[in-house]
Amino acid sequence: MNKNLNCSKFLFLFLVSFFLIQISCEDHLDVYIVPHTHDDPAWDWTFDQYYNDKVKDILDYTIANLNTHPDHKFMYVEISFFAHWWEQQNSTTKETVIRLLDNKQFELVNGGWVMHDEANPTYGGMIDQMTFGHSWIANNIGPQYIPKVAFHIDPFGHSDTDARIFSEMCMEYFVLDRIPFSDKSAWMDTGKMEFDWYGSHSLQKDQNSIFAYVCPPFLYGTPSPFNFEGDPDFNQPITDLNVEEKSWQLVSIFRERAKGFLHPHLMFLFGGDFHFTRPWVEFENMDKLINYINSNPDKYNVSVQYGTPYEYFTIVKNWRKNNQKIEFPQRGPQDFFTYFFAYIPTKMGYWSGYYTSWPLLKGAIAKAQRNLRAFEMANMLFHEKPQTYNTDLNVLRDAVGITMHHDAITGTSKPYVNEFQYLGGLKTGILSAQPIFFDSIAEIIQGKNNRPVLTNDPSVIIQLLQQNNVAPLIVYNPTSWSINDPIVQIPLPNYKLSTNFKIISSDYIDVRSINWDPNNEILSFRGGIINIPALGFTTFFISIDETQKNIHQINNKNNHQQEQEQEQIEEQQEEIQQPQEQQQQQKETQQKKQKEVKERIKNKDNSKIKKLKSFPIENLYWRLEFDDFSNTLVSITNLKTKKTSNVKNTIYYYESGLSGAYIFANLFDSPFVLINPEITVNENDVYSEVIQKYQDNLYQTFRLYHTQNEFIGGMIEIELHCGPNLPGNKEYITRFETDIENKKILYTKNNGLETGKREYLDLDTQAIPANYHPFPSAAWINGTNTNTKNEEEILLIAERAHGAGSINEGQIEVMVARRTLQDDGFGLGMPLVDTTEFKTKLWLSIDTHYSNKNKRQAAATILPLFSDNLHMSSSYPVISKSSEWSTKFLTEKSELCITLPGYIHILTISKTFDQQSKGILRIQHLSEFDEGSPYTVNLNKLFSCSNTFNPSNFQEMSLSLSNTIDTCHSSNKNIKPNPKAVSEITIKPMEIRTFIFDYSN
């Protein structure tokens, strides 16, 4: 035995004992020990691996322990796991659980399908997964057990969006943990670890207030030496010999944590990641400590008992009523990003890398979420019996819900979990739910004829063209607004027929603007005067122009033949007439410029050719100028306002320092620029584009669509093609440099909902990662243009989550891809191994702040939704001409009977998650409080013109359907739900109103 060690230990215990004698004279402290487990639905392992190895034992053994120990309590969060476990239980166990819930021994908290990430998801995904979890509780256990406590102790930062939506779900309390270290330290010192949080600057306080609690340092896990399932060398069992010593230590922790709060009550979280696989070990040891402390009130002046979060908050609520002179902090709309971990000096960093990690996965999640919305809407609007398909839709709901988890959409799980659990699960979910979408459309169009068999398999279109020279194409619009002059894109992989397509609408109007891209194998066309109705579809017919058939074959041609034939096609395309004079003039201008550009590129290194300073592409809205030497963007002209702005763009990369899946830690103060990309310019009737090849696995394309649509044509599309196998320890960004004086302030739409102002943190070290912020939807900078002296704003829209920042004056940059060669030490245990290939899109506008803000939210809603190109063709019946289809089947349909303004959005139309004939409607005002006016709509008239969808008896509910709206935050438990139907409503800026309704289809 080491004598010096024993002396040190004796001295330590003497000092601790002396200190605790002092604190035992402090005011009485009331402690609620809350046993809990934090179970990630996937991370290092898959969902099934975690369930079979850990979660099943946790729930089996803990429920059994509570059943035999009336003083023991436990809480549980992840409904995805709990639902899986519940389905395997017999009626006796289920009755036991309900009895434990009724006597307050067992408590469900949070209630979402998962504990979702708060940075990367959009508000729609957050609402959906919470509603899925709350509805499961209501339908399987009882609505009275839907939680009142939001419990988010592991997401890497916290969003004010959650403060708002949790309140709108009738939740009263919000437990959070991972806030920036500086905030937590300051609040601990000043007793401000609890506060009233108002998440929205647009809504009234009583609409979005929630009481927030921040876990004291270190984190949410039980500290040593009280982690009794942990290493026994540091967490010795409690015995008669050490119970007094350990009680002093535990009370010292209680007293230290209590300094962060304004009242004599403390919630002490007892547990951690996958704790309570052996609940008897945890409870047996803690029981001894509780009994000893309570048996010595004069010594400790502390009372200790097991409790649940709601029990604790009820005590605090009553204390506040009796001590109203004590003012708790009030915090308005603010979030807590970027999270900085600073508890261990060797493990410090800003957690802003996960805003971008695994962009392929982030894109798949975003698209699956949008598809789920479209499938649910089509099933509800067009299908005779929507409840028939709830089980199949639930496969996709489950998959999308799981990916909202804070180790899924974040890109911070093991690669095989990303690929198998998340990407594989989404693929399975799409395959399960997509036939419902096709069948719903087929049912509405069939009329009195046999139902067609619809599919989006491109080989069907190719086969129809090959055999019958005509293929119907049904294009669906999932937005709340009619899409005028749409751009439709159809992938046709391995297409080997003629490229002389002919397309007509269901009204037999020729579509003149058509383009076939043989490199990407995509057929694109412009709708022209044809609109696609809101929440509806229209039909086009694709055929091959017989007069030009087989002029061009892609396969089995040598290069010389292909070049000759391509020239023939280009000559033929030049002869096509645009339907409008303005469009014809535009086309002639484009062809002239295209010829000039190609000539300049061809002779770029010939010193005898006089080089021009720049070359342009343009559409009705924009002219983009590219420098003729660097091949990069240098200016943008708004053709509507005739104003030109200097906007420079190129690709850079940060050299990684200690970056990993979680943190972004650049090695040098500035990124490295990639110079002189190779370029290809493509101009046709559908779009003009400049493709920049920076390296073999990194491309950026600027694309302008030739359409009058103010969103599709009125925004500049930027597509980045990254991978496979990007180099390690490089984090790639696309940067836009302007003359805007913005003081390095970045604005974002937090989770796609409300505006967040991101002021620059001026730090000596790690300033760049500290000033990166979540960018799941929209980001912009604005201010005075130092050149023109006009107010100006550059706006970016994203179709998936990224990280973004304004690191230098007048600049906005977006991180698009990252890969590291080292682990960052925060739990994953390996480098960020991402060698995948993906494409991601941004949309850009530069205008006045006023012009941009009026279209910002609508653009961020329409562009990602419509870019999914939801279309289908028919494998049965086979037709030989378009009239055969038009005379048999409905070719256009919309169930929406009112033309909604651009700021009113139908967020949800879905079947409820049970077998009742009820549906869900969420209608949203997209404008913020300073951008729009209230709008009145009669819900009964929204769909009154439909002869297939007849909703009635609208009843307003909380956001997650947990309560009727009139009982949501009522303290009067005697208030009964008001069954009165709602008809006309007035919706205010930024409100989301939720209703259930009866239907008969």
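In the chain, the longest principal axis of the Cα atoms and the axis of helix 56-68 are about 40 degrees apart.
Sort 876-888, 255-267 by the packing proxy (mean of other Cβ within 10 Å over each peptide's residues), most packed first.
In decreasing order of mean packing, 876-888, 255-267 become 255-267, 876-888.
Taking the accessible area of the chain, probe 1.4 Å, and keeping the other protein chains in place, the carbon and sulfur fraction comes to 49%.
Given +1 on the Cβ of Lys and Arg, -1 on the Cβ of Asp and Glu, and no further charges, what dipole in debye does the range 380-537 carry about its Cα centre, rounded to the nearest 20? Intermediate values should be presented prior to the final figure.
Working: 10 positive and 13 negative charges, 37 e Å.
That gives the range 380-537 a dipole magnitude of about 180 debye.
Within the range 699-841, the proportion of C-alpha pairs whose separation exceeds 17 Å stands at 67%. When the helices of the chain are scored as -39500 (n - 2.57) per DSSP H run of n ≥ 4 and the total is divided over every residue, the value at 222 nm lands at -9000 deg cm²/dmol. In summary, the aspartates and glutamates within cross-link reach of Lys853, defined as a Cα separation below 17 angstrom excluding same-chain residues under 8 places away, comprise Glu710, Glu754, Glu791, Glu792, Glu793, Glu928, Asp930, Glu931.
The aspartates and glutamates whose alpha-carbon is closer than 12 Å to the alpha-carbon of Lys54, local same-chain residues fewer than 8 away aside, are Asp39, Asp40, Asp273. Spin-label model, Lys259/Leu101: points 7 Å from Cα along the beta carbon direction are separated by 4.1 nm.
Between Cys945 and Asp510, the FRET efficiency estimated from the beta carbon spacing at R0 = 22 angstrom works out to 0.15. Positive contributions from Lys and Arg (+1) and negative ones from Asp and Glu (-1), summed over other residues with Cβ under 9 Å from the Cβ of Asn301, come out at -2.
With all protein chains kept in place, the per residue accessible area of the chain amounts to 39 square angstrom at a probe of 1.4 angstrom. Put the Cα centre of the range 236-258 next to the Cα centre of the range 32-60 and the gap is 27 Å. For every other residue with a beta carbon closer than 12 angstrom to the beta carbon of Asp44, add +1 if it is Lys or Arg and -1 if Asp or Glu, then tell me the sum. Result for the local shell: -2. For the listed residue pairs Lys757/Lys841; Lys749/Lys841; Lys918/Lys980; Lys184/Lys205; Lys246/Lys288, the alpha carbons are over 19 angstrom apart in Lys757/Lys841; Lys184/Lys205. Distance from the alpha carbon centroid of the range 272-290 to that of the range 372-395 works out to 44 angstrom.
Based on Cα contacts under 8 Å between residues 6+ apart, the chain shows a relative contact order of 13 percent.
Given +1 at the Cβ of Lys and Arg, -1 at the Cβ of Asp and Glu and no other charges, the dipole of the chain around its Cα centre is 1220 debye to the nearest 20. When each of the peptides 166-175, 722-731, 765-774 is scored by the mean number of other C-beta atoms lying within 10 Å of its residues, the order from highest to lowest reads 166-175, 765-774, 722-731. The range 865-942 and the range 831-858 have Cα centres separated by 25 Å. Note on Asn318/Thr190: beta-carbon distance plugged into 1/(1 + (r/R0)^6) with R0 of 25 Å gives a FRET efficiency of 0.60. Applying 1/(1 + (r/R0)^6) with R0 = 25 Å to the Cβ-Cβ distance of Gln466 and Asp545 gives a FRET efficiency near 0.95.
The listed peptides 711-717, 237-243, 125-131, ordered by packing as a protection proxy, come out as 125-131, 711-717, 237-243 (highest mean of other Cβ atoms within 10 Å first).
The local environment of Ser505, defined by Cβ-Cβ distances under 15 Å, has a net charge of +1 under the rule Lys, Arg +1 and Asp, Glu -1. Where the alpha-carbon atoms of the range 469-512 are placed on the principal axes, they occupy 37, 24, 16 Å, in descending order.
With each label modelled as a point 7 angstrom along the Cα→C-beta vector, the Asp287-Thr788 pair spans 7.6 nm. Using a simple spin-label model with pseudo-atoms 7 Å out from Cα toward Cβ, Ala981 and Ser459 lie 4.9 nm apart.
The values are calculated or read from the model by the stated rules, or taken from the named source; none is laboratory data. None of these values were measured; they are calculated from a predicted model. All Cβ positions, glycine included, derive from the backbone under ideal geometry; neighbour counts span all protein chains shown. Each accessible area value is taken on the protein alone, full model and side chains, heavy atoms only, with ligands, DNA and RNA left out. Shrake-Rupley method; radii C 1.70, N 1.55, O 1.52, S 1.80 Å.
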